[in-house]
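Below: one structure, written as structure tokens.
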Amino acid sequence: MHNSIKQMFELERQGVSRQTTANVASNFRSHSTSVESQVKENSFENIFIQGGFNVKPLVIETIEENQDLLRTDDRKGKEYKVEIKDGSNVNIDESSNETLSGSRILKSTHEREVSEVEKEAWKLLREAVVNYCGNPVGTVAAIDPADKQPLNYDQVFIRDFVPSALAFLLKGEGDIVKNFLLHTLQLQSWEKTVDCYSPGQGLMPASFKVRNMPLNGRDGEFEDVLDPDFGESAIGRVAPVDSGLWWIILVRAYGKITGDYSLQERVDVQTGMRLILNLCLSDGFDMFPTLLVTDGSCMIDRRMGIHGHPLEIQALFYSALRCSREMLIVDDSTKNIVAAINNRLSALSFHIREYYWVDMKKINEIYRYKTEEYATDAINKFNIYPDQIPHWLVDWIPETGGYFIGNLQPAHMDFRFFTLGNLWTIISSLGTNKQNEGILNLIDDKWSDLVAQMPLKICFPALEHEEWRIVTGGDPKNTPWSYHNGGSWPTLIWQFTLACIKMGRPELARKAVALAENKLSVDQWPEYYDTRYGRFIGKQARLHQTWTIAGYLTSKMLLDHPELASTLFWNEDYELLENCVCGLGKSGRRKCSRLVARSQIAA
Ligand code: GLC
């Protein structure tokens with residue numbers, strides 16, 4: 001099927017006469033470590049704003065290649081003071097080292113019949129498709145038949161569209177994904193302000209809406225207008241840090257599944273990627289390689305006490321960096337950013353593997369920590385007081401297995417288990433192989449807590465009583481075991497499936513899918529479930545929630561075609577482990593702690 005999909009896209013591409021780029025792409029992916037951009041797009045669409053901030057109609061016009069976007073980028077461009085360690089790992093075709101541990105991946109031997117539930121899901125997914133100027137550009141978050149107040153659920157959310165995109169890609173329908181990627185890219189450079197302050201240029205919106213507006217001065221005529229939300233109307237006015245990261249991840253997935261690499265080579269796509277990376281990699285006051293964000297800047301988009309360095313953002317950041325490293329065309333203007341990416345990747349994985357991981361042994365270590373250590377070689381670097389170990393964890397942590405904690409700050413470890421972050425540490429190989437196996441062991445072991453009646457808990461356990469009041473600000477939507485506060489989100493099944501396939505345990509994913517599938521259809525595809533064991537449809541859950549539907553379909557297709565799933569995850573990159581930027585050699589006064597840690601990874 002993989003080949004046939006690729007052939008289909010190949011034919012389609014030839015049909016629209018963009019002949020030149022594919023060869024260039026495959027060539028540099030196989031052989032070259034540093035190439036000039038050879039994109040031969042004749043034109044690309046440029047969309048600009050008419051009439052200032054509040055009126056945002058789009059005008060699409062054809063312009064010559066290599067124009068404004070690059071110049072804008074240069075204006076914004078900054079110098080990275082990071083040395084290029086070794087560019088040899090850049091833009092090489094990964095297919096050679098993507099040989100999966102073959103025997104662990106089950107090949108589907110027969111095409112099975114599509115079930116009634118799947119047929120229903122496909123019908124609903126297609127109904128959720130949004131058109132812009134006659135072309136499909138995304139899917140709305142939900143079309144709840146009973147909902148009189150859709151709030152912003154009638155918008156296309158960047159993060160929600162990812163499982164829809166994968167479902168379409170795996171089915172061989174790439175156009176909607178390509179349109180989505182190009183249109184959201186245009187929104188990136190939108191002028192955006194919250195009370196006279198403008199966030200960075202690379203910011204991607206959380207969502208956008210297609211509005212049909214009356215045409216100025218043309219009675220009775222209408223035009224489609226894209227209207228993005230960068231957080232300026234979102235509840236809490238939070239910038240969606242994850243949107244840009246998901247966008248990069250999707251650009252790569254599009255190339256991998258369709259075989260059409262010309263999209264990622266386009267000048268505007270390369271520039272968009274760089275703008276996002278510029279935002280993420282810019283210097284600040286940080287002492288750590290993790291991204292510092294406010295509460296609610298990801299899937300959990302309300303106050304839940306995850307400000308700081310939440311795992312979800314770090315795992316998506318790491319994945320987006322790995323994607324960019326594969327896709328960025330290396331030339332004089334990008335070599336610094338590529339070096340910065342390499343350095344950040346290795347520092348980030350070290351930091352997360354060392355400081356976010358907990359298992360029985362580590363918790364016992366923390367339990368016995370000395371505090372107030374003032375020295376560079378302190379064991380308890382973040383001055384964690386042992387009293388912080390929550391009571392639930394002492395009994396809960398299994399003898400084998402472990403997980404990455406939700407957040408790490410001075411004197412603060414958030415020990416809650418956050419599912420999305422842990423799944424993406426597996427998918428992107430942010431964790432070591434042993435840690436990744438440990439996470440799945442823990443999910444297996446704690447099935448009744450983390451999967452229960454409906455896969456999967458967004459986080460575990462829920463904040464209750466006074467803690468709920470203080471941490472959420474008394475949020476009535478995030479009461480204990482509801483919504484973001486320990487609710488169960490069926491959309492997470494696709495990422496669980498991907499992680500299970502990667503680790504050679506598809507049977508775990510099958511078990512979760514089987515649990516969900518009949519219930520989801522009977523319950524009309526709710527957004528989330530409530531209660532300790534996920535038994536009730538969520539208090540305010542939308543029905544016909546698109547990413548619930550798409551997540552289910554994507555899981556089914558990934559399980560049927562694990563060879564396609566393999567294009568969506570990463571294995572350990574040993575070159576990254578070799579890269580150490582701290583400058584402390586083995587013989588230095590202080591030892592580089594990475595060297596010590598590396599031996600543990602190899603073990
Ligand atoms: C909720 C979720 C968010 C999602 C949005 C649309 O706000 O928290 O992750 O993108 O709904 O479904």
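The table for this structure:
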read-out: Neighbourhood net charge (9 Å Cβ-Cβ; Lys/Arg +1, Asp/Glu -1) for N478; value: +2
read-out: Anisotropy class of segment 179-306 from Cα gyration tensor, a/c 1.5 cut; value: oblate
read-out: Highest average packing first - 378-384, 196-202, 135-141, 556-562, Cβ atoms within 10 Å; value: 135-141, 556-562, 378-384, 196-202
read-out: Ranked by how many other beta carbons lie within 10 Å on average, peptides 291-297, 482-488 from highest; value: 482-488, 291-297
read-out: Environment charge of P390, counting only residues whose C-beta is closer than 12 Å and scoring Lys/Arg +1, Asp/Glu -1; value: -4
read-out: Greater than 18 Å apart at Cα, pairs in K123/K171; K457/K502; K178/K556; K123/K178; K361/K434; value: K457/K502; K178/K556; K123/K178
read-out: Cα gyration tensor, segment 265-362 - rounded (a/c under 1.5), prolate or oblate; value: prolate
read-out: Note, ³J(HN,Hα) from phi for segment 134-150, Karplus 6.51, -1.76, 1.60, rounded to Hz, x at Gly and Pro; value: x, 10, x, 10, x, 10, 6, 5, 7, 10, 7, x, 9, 8, 8, 10, x
read-out: Rounded Å value of the spacing that divides the Cα centres of segment 153-222 and segment 345-395; value: 41 Å
read-out: Peptides 447-457, 470-480, 534-544 ordered by average Cβ neighbours within 10 Å, highest first; value: 447-457, 534-544, 470-480
read-out: Hz values of 3J(HN,Hα) by residue in segment 538-547 - Karplus curve (6.51, -1.76, 1.60), Gly and Pro given as x; value: x, 3, 10, 5, 6, 9, 6, 6, 4, 6
read-out: Two-decimal ratio, segment 364-410, of alpha-carbon radius of gyration to 2.2 N^0.38 Å; value: 1.27
read-out: Under the Karplus curve 6.51 cos²θ - 1.76 cosθ + 1.60, θ = phi - 60°, whole-Hz ³J(HN,Hα) for segment 325-330, x wherever Gly or Pro sits; value: 4, 7, 9, 5, 7, 8
read-out: Surrounding net charge for R302, when Lys and Arg each add one and Asp and Glu each subtract one, Cβ distance under 10 Å; value: -1
read-out: Cα-based shape type of segment 212-267, given that a ≥ b ≥ c are square roots of the gyration tensor eigenvalues and the cut on a/c is 1.5; value: oblate
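Taken together, the values in this text are just the output of simple stated rules run on the coordinates, not laboratory data. Computed from a predicted structure; not experimentally measured. Glycine gets a Cβ as well: all are built from the backbone with ideal geometry, and neighbour counts include every protein chain shown.
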